[in-house]
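Asks: Structure below; questions to follow.
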Amino acid sequence: SRELRKNGKNNCRWQGIIIVADQILTESLAKGVHRVESMGFSQVFVLVNPRGYFLSLSAALDRCRLLNRWILFRVPAHPRHLLPAVQQIAPIVRTAADGKKLKGGIYPVPVLYPFMQKENKVYKDSLPEPWQKYSSLSASSDLKTRWRLLIN
């Protein structure tokens, strides 16, 4: 993050502290994932904000081998995007409530894709290794195809 930079160089002491904090967050979320999983829900929908929590929860779900069962919606970090995200997600949750089984995974909300692209350009700092594979965005066409498959 911006706090890590001092005179154009990373401050290693702070970077080490942040990496340890990231690992603790992911471990804590993995424990929470196990608790939710033990409740026996047939499907779990997750909308997480801000970005660090999304990345950490993605890593925790992957570690618990539940990423293919839970549906995790990705939105931009700013809170102003939450209402449009909920409006897009509500029909999907209603469909599941009516009994349709949906494929788990990470689904960026398509109407918010341009904002997520800008966000990815802003956050250029390196991420902890377990989070790295969840920070990239798929192509817009792939995203729209996956979204259509989810809602149909």
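The values are calculated or read from the model by the stated rules, or taken from the named source; none is laboratory data. Quantities reported herein were computed from a predicted structural model and do not represent experimental measurements. A quick note on method: Cβ atoms are made from the backbone with ideal geometry, for glycine too, and the neighbour counts reach across all protein chains shown.
Asks: Tell me, which residue of the stretch 34-46 that is touching a residue at least 12 places away in the same chain (Cβ under 8 Å) and out of contact with any Lys or Arg (no Cβ under 9 Å at 6 or more places or on another chain) is farthest from LEU83 (Cα to Cα)?
Replies: Ranking the qualifying residues of the stretch 34-46, first place goes to HIS34.
Asks: Is it the case that some residue within the stretch 59-66 is in a helix (DSSP H, G or I) and over 13 Å from the mean Cα position of the chain (by Cα)?
Replies: Within the stretch 59-66, one or more residues are in a helix (DSSP H, G or I) and over 13 Å from the mean Cα position of the chain (by Cα).
Asks: So if I check each of ALA60, ALA85, which one is surrounded by 17 or more Cβ atoms within 10 Å (Cβ to Cβ), more than 23 Å from SER141 (Cβ to Cβ), touching a helix residue (DSSP H, G or I) at 6+ places or on another chain (Cβ under 9 Å) and small (Gly, Ala, Ser)?
Replies: Just one listed residue meets the conditions, ALA60.
Asks: Going through LEU82, LEU137 one at a time, which residue ends up being of a type in the set (A, V, I, L, M, F, W, C) and assigned to a loop (DSSP other than H, G, I, E, B)?
Replies: Result of the check over LEU82, LEU137: LEU137.
Asks: Scan the stretch 61-90 residue by residue and report those that are among the charged types (D, E, K, R) and in contact with a Phe, Trp or Tyr (Cβ under 7 Å, 6 or more places away or on another chain).
Replies: Hit for the stretch 61-90 is ARG74, nothing else.
Asks: How do the pairs read when you match residues in the stretch 77-100 that are among the β-branched types (Val, Ile, Thr) with residues anywhere that are at pLDDT below 90 and in a helix (DSSP H, G or I), using Cβ under 6 Å and keeping only pairs 6 or more apart or on different chains?
Replies: Qualifying pairs under 6 Å: ILE92/ILE151.
Asks: Identify, from the list LEU55, LEU72, LEU66, the residue that is in contact (Cβ under 8 Å) with a residue 60 or more places away in the chain and closer than 23 Å to GLU37 by Cβ.
Replies: Criteria check complete, one pass: LEU55.
Asks: Okay, next question. Since ALA97 meets every condition but one in (1) aliphatic (A, V, I, L, M); (2) out of contact with any Asp or Glu (no Cβ under 7 Å at 6 or more places or on another chain); (3) surrounded by 14 or more Cβ atoms within 10 Å (Cβ to Cβ), which condition does it not meet?
Replies: So the condition that ALA97 fails would be (3).
Asks: Checking the condition touching a Ser or Thr at 6+ places or on another chain (Cβ under 6 Å), at pLDDT 80 or above and either aromatic (Phe, Trp, Tyr) or under 30 Å from SER140 (Cβ atoms) (or both), which residue from LEU29, LEU47 passes?
Replies: Unique residue meeting the criteria: LEU29.
Asks: Taking the stretch 38-57, which residues are under 14 Å from GLY104 (Cβ atoms) and either in a helix (DSSP H, G or I) or in contact with a helix residue (DSSP H, G or I) (Cβ under 9 Å, 6 or more places away or on another chain) (or both)?
Replies: SER42, GLN43, VAL44, PHE45, VAL46, LEU57
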